[in-house]
Amino acid sequence: MATGFKLTRKGITAQLEPGERSLLRGLFSDVTTMLEPESAAHEDPLAAMVGLDASAEVPGDPAMLRLLPDAVRENDADALEFRRLTERSLREGKIGSLRAASLALESSPLNLDPAQARHFAQALNDVRLVLGSRLGLETDEDAEALHDITEPGDAQNVDEYLALVYNFVTWLQETLMKALLDSLPRR
């Protein structure tokens with residue numbers, strides 16, 4: 001059973017079981033696959049360098065829209081233009097954090113320096129966004145309704161299994177964020 005993240009002299013550490021590591025690797029890989037652009041970087045070197053993507057469109061998948069939301073509300077043309085200017089670099093940043101988090105899972109116990117901890121937190125957040133979207137979570141009350149599902153034997157269908165995974169990832173992210181806050185210098 002996982003111990004959650006704690007601030008130690010070695011950095012931010014957690015103990016995860018092999019099955020928990022495997023689950024997280026799979027989740028990180030799935031979200032990475034979702035985020036990988038369908039087309040190659042723009043052929044114009046300058047456009048590729050700044051992350052311009054003339055083919056960017058509003059995602060049809062609600063989970064992708066949670067990962068890559070519109071930056072401008074109530075103006076579809078401006079939102080699409082902003083997406084074309086920023087989406088590729090946003091995708092690349094998210095993919096980088098997911099891959100870094102997956103690599104961090106290779107050590108046991110899991111020891112994270114501050115940069116690794118930030119990547120891991122970003123990766124967990126993206127996984128939670130996808131799981132929350134798949135579960136149809138819209139409000140705090142929707143999320144609260146899932147908290148009763150904590151044991152693998154409680155999951156009787158796909159949604160309950162996803163809720164179990166969501167709860168595990170949420171708990172892990174909470175312990176990581178607490179450890180990150182504990183690592184901040186005291187005033």
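Every number in this text was worked out from the coordinates using simple rules, so none of it is lab data. Just so it is clear, the model here is predicted, and its values are computed rather than measured. Note that we place each Cβ from the backbone using ideal geometry, even for glycine, and neighbour counts take in every protein chain shown.
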At most 16 other Cβ within 10 Å, DSSP loop - GluC sites (Glu not before Pro), segment 64-144: Glu74, Glu106, Glu138
Gaussian network model of the chain, springs between alpha carbon atoms under 10 Å - residue of Asp70, Asp140, Asp154 with greatest fluctuation: Asp140
Leu181, Leu35, Leu65 arranged by Cβ crowding within 10 Å, fewest neighbours leading: Leu181, Leu65, Leu35
Inter-part distance where segment 74-110 and segment 136-160 are each reduced to a Cα centre, Å: 26 Å
Calculated percent of Cα pairs over 22 Å apart (choose from (1) 53; (2) 43; (3) 48), label: (1)
In Hz, Karplus ³J(HN,Hα) per residue of segment 58-71 (6.51, -1.76, 1.60; θ = phi - 60°; x = Gly, Pro): 5, x, x, 7, x, 5, 5, 5, 5, 6, 10, x, 5, 8
Ellipticity estimate at 222 nm from DSSP helix runs (n ≥ 4, -39,500 (n - 2.57)) divided over the chain, nearest 500: -19500 deg cm²/dmol
Dipole magnitude of segment 90-179, debye to nearest 20 (Cβ charges: Lys/Arg +1, Asp/Glu -1, about Cα centre): 660 debye
Net lengthening on full extension, Ala79/Glu160 (0.36 nm per residue, minus Cα-Cα): 25.7 nm
J(HN,Hα) series, segment 151-159, from Karplus relation 6.51 cos²θ - 1.76 cosθ + 1.60, nearest Hz, glycine and proline x: 10, x, x, 6, 7, 9, 8, 4, 5
Estimated vicinal HN-Hα couplings, Hz - segment 10-24 in sequence order (Karplus 6.51, -1.76, 1.60; Gly, Pro = x): 8, x, 9, 10, 8, 10, 10, 6, x, x, 5, 4, 4, 4, 5
Other-chain or far-sequence residues with amide H under 5 Å of Gly4's (modelled H): Gln15
Simple Cβ-charge dipole of the chain, Lys/Arg +1 and Asp/Glu -1, about Cα centre, in debye nearest 20: 1260 debye
Degrees separating the helix 76-104 axis from the principal Cα axis of the chain, which is the longest one: 40 degrees
